[in-house]
Amino acid sequence: MDYKYTAYDRIIHITEKLPKDKISEAIEIIQEDSFQDLLDFCVEQNCFTQAQAITLYDFTIVFDSLDDCRKKIDDPEFYSLISDVYTNGGYHLLGMADQGFRVMSTNKPVNSFADFKGQKIRTMENSYHLAFWKALGANPTPMSFSEVYIGLQQHTIDAQENPYEVIVSNNLYEQQDYVVETNHLPHLISLIVNDDFFKDLPEDEQEIMTEAAQLATEYAREQSDARIADKIATIEESGTQIITLSDETRKEIREASQGVYEAIRKVIQPEIYKAYMDEE
């Protein structure tokens, strides 16, 4: 069973509900091979309103480490709540892996909060992403992913943000002097299957699939960590400098993002928000 195909197949049907002026953006996200981004986009466009909770993954600077993020995703209370969201959308959530955090690459060094000001950074046309970068004083610029390399090369944009794997596999680092470990969002990957299909399986086969998915999630995370380390080495060998932000700068980013936090909080279920953000 090709679960990734099953997930995309279902989502592509959902995108039929999109306004015509948003279809090209959905196609771009599919080409970027990010199911989670496509799911987020469909939620934002109200393709299936019962999954509004998925927008919580647009909360920025929530986790200080991938371990913290993974512990939260695997937390039984949170996992149960978010699984119900997927079920309401017609899916059964088997697990969540990741490609690490999204980071910023740029030709202008960022050593303090003030250094974000004025940077023309390519983003997807996600209202929360745009609001986040504006809150930092940057100039977010939606652009087709296929145009990013040329945009950096021709200095149409100063910066972009993506996981390390995307930055290296698309050679974006070749046009950038710095990679700034903003670690602003985890790049999550959902392993899902059609809920009706899962429920029709005998109980023992459901258990086998669930156990296999748990092993696959652990393996995927281990392999992702190894690939990220390899990509970082590639970037450093090229001469591009990697900058780690100070705790103070990350605190300033969180404070500047409060308006975005509030906007997202309004559209998700309170219990899911509290479980994800560790609030009482």
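The values are calculated or read from the model by the stated rules, or taken from the named source; none is laboratory data. Note that this is a predicted model, so its numbers are computed, not measured. As a convention, Cβ positions derive from the backbone with ideal geometry for all residues, glycine included, and neighbour counts pool all protein chains shown.
For the reader, a short list of remarks on this structure follows.
- Only one of the listed residues (E147, E165, E161, E174) is within 27 Å of D230 (Cα to Cα) and free of Cβ contacts under 8 Å to residues at least 12 places away in the same chain. That residue is E147.
- Filtered residue count, the stretch 211-221, keeping only those that are more than 20 Å from R102 (Cβ to Cβ) and either within 19 Å of the chain's Cα centre (by Cα) or of a type in the set (K, R) (or both): 1
- When the stretch 153-165 is limited to residues that are touching a Lys or Arg at 6+ places or on another chain (Cβ under 8 Å) and assigned to a helix (DSSP H, G or I), the one that is nearest to I243 (Cα to Cα) turns out to be Y164.
- Residue-level check: of (1) under 26 Å from L245 (Cβ atoms); (2) in contact (Cβ under 8 Å) with a residue 12 or more places away in the chain, K134 misses just (2).
- Test: residue in the stretch 239-254 that is more than 19 Å from the chain's Cα centre (by Cα), on the phi > 0 side of the Ramachandran plot and exposed (fewer than 14 other Cβ atoms within 10 Å of the Cβ): yes
- Condition met for V168 (in contact with a helix residue (DSSP H, G or I) (Cβ under 7 Å, 6 or more places away or on another chain), surrounded by 18 or more Cβ atoms within 10 Å (Cβ to Cβ) and part of a strand (DSSP E or B)): no
- Residue ID - surrounded by the fewest Cβ atoms within 10 Å (Cβ to Cβ), chosen from residues in the stretch 119-156 that are aliphatic (A, V, I, L, M), closer than 24 Å to Y57 by Cβ and touching a helix residue (DSSP H, G or I) at 6+ places or on another chain (Cβ under 9 Å): A131
- Count - residues of the stretch 175-197 that are modelled with pLDDT under 95 and farther than 23 Å from K72 by Cα: 4
- Applying the condition of being aliphatic (A, V, I, L, M) and part of a strand (DSSP E or B) to the stretch 73-118 and asking which residue is surrounded by the most Cβ atoms within 10 Å (Cβ to Cβ) yields M104.
- In the stretch 58-72, the residues that are touching a residue at least 24 places away in the same chain (Cβ under 8 Å), of a type outside the set (A, V, I, L, M, F, W, C) and outside any helix (DSSP H, G or I): T60, D64
- The listed residues are D230, D278, D247, and the only one of them that is of a type in the set (D, E), at pLDDT 95 or above and under 19 Å from F63 (Cβ atoms) turns out to be D247.
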